Every structure is written in C-alpha cells, then in structure tokens.
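*Asks:* Okay, here's the structure, questions in a sec.
The values are calculated or read from the model by the stated rules, or taken from the named source; none is laboratory data. Fair warning: this is a prediction, and the values are worked out from it, not measured in the lab. Methodologically, a virtual Cβ is constructed for each residue, glycine included, from the backbone with ideal geometry; neighbour enumeration extends over all protein chains shown.
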Amino acid sequence: MITNEKQYRSTRLQVDKFRRALAALGVSSDPSLPAVLVKAQRDALESQIAELEAEAVLYDRLRSGQITHFEAEGLDELPDILIQARIARGMSQKDLAAFLGLKEQQIQRYEAERYRSASLDRLMEISDALGVQISKRAELVGNGHFESVDPAAWKAFPVAEMYKRGWFEDFSGSMADARKAAPDLLPAFLRGAQARYAPQALHRKSVRSSGQVHEAGIAAWEARVRHLADRDPRGETFDPLLISEDWLAGLVKLTLDPDGPAKTMNYLRAIGVALIVEKHLPGTLLDGAALSTFDGYAIIALTLRHDRLDNFWFTLFHELGHLKLHVGHDYAAIFDDTETPAATALEEEADLFAQEALLPAVKWNVGAARFTRNEKAVLIDAKRFRVGPAVIAGRVRREAHDYTLLRGLVGAGNVRRQFEW
C-alpha cells in the first residue's frame, strides 16, 4: 500500500518504466526467443503494471476524499484502515505525528510495519485522532458536508483529545471516566457554547477542506472557540460596515510591527470581533474560521497551524472578508483550510478580499518581487508599499505555488509565541 507522496511518485515512475519496457518488448523482442517466453515476459510486465496502477489509483481516490467507508473482515485489517483513513483526511504522516506528540519517523515505522509494535491504547488514540468510528465496519465520520452533528453520537467526537486539552473544565475524572461520561459531557459542552445542533435549529455553515470533513471535530472546536469568546470582553456590537477601507489600512500597518499579531486582538475587539487562537483538532486541518454570535458580536478563530507571519496575515484578512461579505447574511460560520484551492465563489471572494486589502492589484502589478522573486526585491517593495515583508513573500510563494521560496522572509516561528500566556 502507498502511504505517502514519495511512495506515490515512485510508484508512478515505476509504472511509466514498465510501460516503456512493455512497449519495447512488443517492438524489438529477440526473434530467437520462444513465443511462450516472450508472452511470459509480457504477462509479467502487465501484471506488475496492473498491481502498481491499482495502488496509485487507490491513493488518488483516498487523497481526493472519494472513499469514506472501509470494509474489514477482522482486526488484522485495522492497520490498513488507519493508514487509508489518514490519507482520506488529508493528513500527512508528519501531521499525525504532531497531533500524537511523536516524531514523523515513528508514524512512518508504524505504518511500514502495519502497526505491529503499537499498543491497543495507541491504536485507539490514532483512531480517535482520525475520527474513525468502528462497529461492524469502519466509517469516516463526515460526508463532505457540514450539515448537522448529533451530540448523542458521542463516539464521533475526539473525546480523548478534548479531555487532554482540559476542555471539560468541571470534570475531574480520568480519561476513561470521560469516555464513559461522554453521552452527558458532550451535550453539556456544546450547549454551553451557544451551540445549536438540532437540525431544525442549525444555521448554514461552510467548510473549505482538502479532505473529508470531520464534522464532529469541527463542531467540538467551534464550541471551544465560542466558550473562549464568551470570556473575551468586547465593546461595540459588530457591524460589517465597521470593516471600512480606513480601518483595514490601520490593520495593514500592523503587518510592519514585529508584535503586530498580538496587537490585532485589541484592534479587532474595538469593532466587536473577538480574536481567538485555538489549535485545531485531529483530522480537521483548519487554519481559521469566521463566526457570528447570537448576541450581535463576531469571532475570528485561528489555529496557527502554520507558525508563519505570511499565513497569519492572509488567514486573518481572509476571515475578515467572510465577516464583511458572508457571515451574518447566508452563513453563521465558515471554516477554512486556506492552503486548499478555492473551489467556490464564496472562497474566491474571501481570497480576493484578503489580497486586495493587504496588497492591492494596482501595487502588486508594478512590484519588483512579482517578477524577480528574490529577497532584495521583497524588501524594496515592502518599504515602497508600506506593508510587512512577510505579506509580499507569502504572495510570491502563493502565486508561484512554490513554498520553498523566500523562507527567510515569511516570519517562521514568530506568531505562536505572541499568543502564549
């Protein structure tokens, strides 16, 4: 089974190599060879091509979110299900390792040996992280659409991770106790965050994701964000009109300040927007979200999944675009993986809003960095356009689809530390 992009590329190269060999065999096979031997060679190549092609197609289908159900005849097939579920969630081996507090090499070893050395507790933890619900069959919780989540279906929620993060604040039992009490803990947790999960009470929501949507994970994260926002004192009631050109220009100035990310909290609070930082839950791969509240305020929540200034500023302005254009009108909440290509008009509008607010096209079109893509040009443009270098470097990388460029200018490691209290 293919477990990562490197193996996938290698498999595709092998398929091409065998196809060329098969074509050459048909054109220039040794006439002295018996026909039966030539046929055996051809059959062997065709068999290898078919086997490798099947593995590559399976990986493609998993990666694109086409597969969400996994049939198993017994527990011996659980390792393959966990590997396939990770790929279907859009998670790399590195992503999963980060959630478990392990090194990437450990996940690579686990998967290479089909989890033979993993304990039952570890297998349960990984299943929880991936949102895999196992009964008579294994099924990903989430169908690609965020419609409703029944808190009574508590097995769909990452209870272990929620417990480890201390989200059940009035609960004093062990993790095992939390699992047993989940049917009572989860509804109370969700209700306490202004969450309404009965289908008839749900407001419309949207999720921008590279894989299958982990509905329960997103619902739990949203509830946690709303809990934290309720504790954040806000002044003026939010109105989209408050996100004006002058207000945005003031926010852009903060991109020049080394402590700009931390200062955005008060800047947003002044117009009735709570800025909440909360790490995403396993399997969700969120960068941020824009949410409305039932009492007239708004929330921007960031996960800081990528600890870089360029990602922080783009995601922040992207979510502001949603607050300005979408949330409170047709949507009550929008969740984003901003590195996933925009597949809807909704996301294209928010992307364009962020780009124009941070660096309008009239400036970008005459920027030196757009063409030369080197550090000197970025610094010149940053000074000329009065915007942080990380913003320009991020724009270059994004449009070039090359995230190896300008690594020294995107502010890696300069965001999370500003929100650690």
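*Asks:* Which one of these is assigned to a helix (DSSP H, G or I) and over 23 Å from Arg165 (Cα atoms): Ala97, Ala54?
*Replies:* Values: Ala97 fails: over 23 Å from Arg165 (Cα atoms).
Ala54 is the lone residue from the list that is assigned to a helix (DSSP H, G or I) and over 23 Å from Arg165 (Cα atoms).
*Asks:* Of all residues in the stretch 358-387, how many are without any contact (Cβ under 8 Å) to a residue 60 or more places away in the chain, under 19 Å from Leu309 (Cα atoms) and not in a helix (DSSP H, G or I)?
*Replies:* Residues flagged as without any contact (Cβ under 8 Å) to a residue 60 or more places away in the chain, under 19 Å from Leu309 (Cα atoms) and not in a helix (DSSP H, G or I) within the stretch 358-387 amount to 4.
*Asks:* On to the next question. Those residues that are assigned to a helix (DSSP H, G or I) and under 25 Å from Thr303 (Cβ atoms), I need them from the stretch 100-109; list them, please.
*Replies:* Let us first name the residues in the stretch 100-109 that are assigned to a helix (DSSP H, G or I), namely 100, 104-109.
Scanning the stretch 100-109 gives Leu100, Glu104, Gln105, Gln106, Ile107, Gln108.
*Asks:* Taking the criterion of being surrounded by fewer than 23 Cβ atoms within 10 Å (Cβ to Cβ), touching a Ser or Thr at 6+ places or on another chain (Cβ under 9 Å) and without any contact (Cβ under 8 Å) to a residue 40 or more places away in the chain, would at least one residue in the stretch 258-266 satisfy it? Before you say what the answer is, go through the steps one by one.
*Replies:* Here is the first cut: in the stretch 258-266, the ones surrounded by fewer than 23 Cβ atoms within 10 Å (Cβ to Cβ) are 258-259, 262-266.
The next check asks that each one be touching a Ser or Thr at 6+ places or on another chain (Cβ under 9 Å); those that pass are none.
No; the residues of the stretch 258-266 include none that is surrounded by fewer than 23 Cβ atoms within 10 Å (Cβ to Cβ), touching a Ser or Thr at 6+ places or on another chain (Cβ under 9 Å) and without any contact (Cβ under 8 Å) to a residue 40 or more places away in the chain.
*Asks:* I've got another one for you. Could you count how many residues in the stretch 267-300 are in a strand (DSSP E or B) and over 14 Å from the mean Cα position of the chain (by Cα)?
*Replies:* Taking the stretch 267-300 first, the residues in a strand (DSSP E or B) are 273-277, 288-292, 298-300.
Pick out the ones that are also over 14 Å from the mean Cα position of the chain (by Cα) and you get 273-277, 290-292, 298-300.
Going through the stretch 267-300 one residue at a time, the tally reaches 11.
*Asks:* Of the residues Ala44, Ala112, Ala40, only one is loosely packed, with under 15 Cβ neighbours inside 10 Å and under 16 Å from Gln7 (Cβ atoms); which? Step through it out loud before you land on a result.
*Replies:* Details: Ala44 fails: under 16 Å from Gln7 (Cβ atoms); Ala40 fails: under 16 Å from Gln7 (Cβ atoms).
Of the residues listed, the single one that is loosely packed, with under 15 Cβ neighbours inside 10 Å and under 16 Å from Gln7 (Cβ atoms) is Ala112.
*Asks:* Just wondering, is there one or more residues in the stretch 211-221 that are surrounded by fewer than 20 Cβ atoms within 10 Å (Cβ to Cβ), touching a residue at least 12 places away in the same chain (Cβ under 8 Å) and either farther than 21 Å from Asp287 by Cα or under 20 Å from the mean Cα position of the chain (by Cα) (or both)? Explain how you work it out, then say what you get.
*Replies:* Taking the stretch 211-221 as the starting set, the residues that turn out to be surrounded by fewer than 20 Cβ atoms within 10 Å (Cβ to Cβ) are none.
No, the stretch 211-221 contains no residue that is surrounded by fewer than 20 Cβ atoms within 10 Å (Cβ to Cβ), touching a residue at least 12 places away in the same chain (Cβ under 8 Å) and either farther than 21 Å from Asp287 by Cα or under 20 Å from the mean Cα position of the chain (by Cα) (or both).
*Asks:* Consider the stretch 222-260. How many of its residues are of a type in the set (Phe, Trp, Tyr) and either part of a loop (DSSP other than H, G, I, E, B) or at positive phi (or both)? Spell out how you get there, then give the answer.
*Replies:* Of the residues in the stretch 222-260, the ones of a type in the set (Phe, Trp, Tyr) are 238, 247.
Within this subset, residues satisfying the condition of being either part of a loop (DSSP other than H, G, I, E, B) or at positive phi (or both) are 238.
Residues meeting the conditions: 1.
*Asks:* Tell me the residue from Thr404, Thr338, Thr315 that is closer than 28 Å to Leu275 by Cα and either part of a loop (DSSP other than H, G, I, E, B) or free of Cβ contacts under 8 Å to residues at least 12 places away in the same chain (or both), please. Walk me through it before giving the result.
*Replies:* Numbers: Thr404 fails: closer than 28 Å to Leu275 by Cα; Thr315 fails: either part of a loop (DSSP other than H, G, I, E, B) or free of Cβ contacts under 8 Å to residues at least 12 places away in the same chain (or both).
Result of the check over Thr404, Thr338, Thr315: Thr338.
*Asks:* Please go through the stretch 275-293 and pick out each residue that is among the aliphatic types (A, V, I, L, M) and modelled with pLDDT under 95.
*Replies:* So in the stretch 275-293, the residues among the aliphatic types (A, V, I, L, M) come out as 275-277, 281, 285-286, 289-291.
Within the stretch 275-293, Leu281, Leu285, Leu286, Ala289, Ala290, Leu291 qualify.
*Asks:* Considering only residues of the stretch 319-363 that are of a type in the set (Phe, Trp, Tyr) and buried (at least 19 other Cβ atoms within 10 Å of the Cβ), which is modelled with the highest pLDDT? Give the steps one after another, and end with the answer.
*Replies:* Our first condition is that a residue be of a type in the set (Phe, Trp, Tyr); within the stretch 319-363, this holds for 331, 335, 353.
When the remaining residues are screened for being buried (at least 19 other Cβ atoms within 10 Å of the Cβ), the result is 335, 353.
Numbers: Phe335: 86, Phe353: 96.
Here the answer is Phe353.
*Asks:* Collect the residues in the stretch 25-49 that are among the aliphatic types (A, V, I, L, M) and either within 44 Å of the chain's Cα centre (by Cα) or at pLDDT 90 or above (or both), keeping them in residue-number order. Give the steps one after another, and end with the answer.
*Replies:* First, pick out the residues of the stretch 25-49 that are among the aliphatic types (A, V, I, L, M): 25, 27, 33, 35-38, 40, 44-45, 49.
Answer for the stretch 25-49, where residues must be among the aliphatic types (A, V, I, L, M) and either within 44 Å of the chain's Cα centre (by Cα) or at pLDDT 90 or above (or both): Ala44, Leu45, Ile49.
*Asks:* Please go through the stretch 164-178 and give me each residue that is over 26 Å from the mean Cα position of the chain (by Cα), surrounded by 10 or more Cβ atoms within 10 Å (Cβ to Cβ) and assigned to a loop (DSSP other than H, G, I, E, B), ordered by number.
*Replies:* Residues satisfying the conditions are Phe171, Gly173, Ser174.
*Asks:* So is Thr237 modelled with pLDDT under 95 and of a type in the set (Ser, Thr, Tyr) or not?
*Replies:* Working: modelled with pLDDT under 95: yes; of a type in the set (Ser, Thr, Tyr): yes.
The answer is yes for Thr237.
*Asks:* Just the residues that are charged (D, E, K, R) and either crowded, with 17+ Cβ neighbours inside 10 Å or over 24 Å from the mean Cα position of the chain (by Cα) (or both), please, taken from the stretch 50-79. Walk me through it before giving the result.
*Replies:* Residues of the stretch 50-79 that are charged (D, E, K, R), as a first pass: 51, 53, 55, 60-61, 63, 71, 73, 76-77.
Selection gives Glu51, Glu53, Glu55, Arg63, Glu71, Glu73, Asp76, Glu77.
*Asks:* How many residues are farther than 20 Å from Val252 by Cα and of a type in the set (Val, Ile, Thr) if we restrict to the stretch 372-413?
*Replies:* 2
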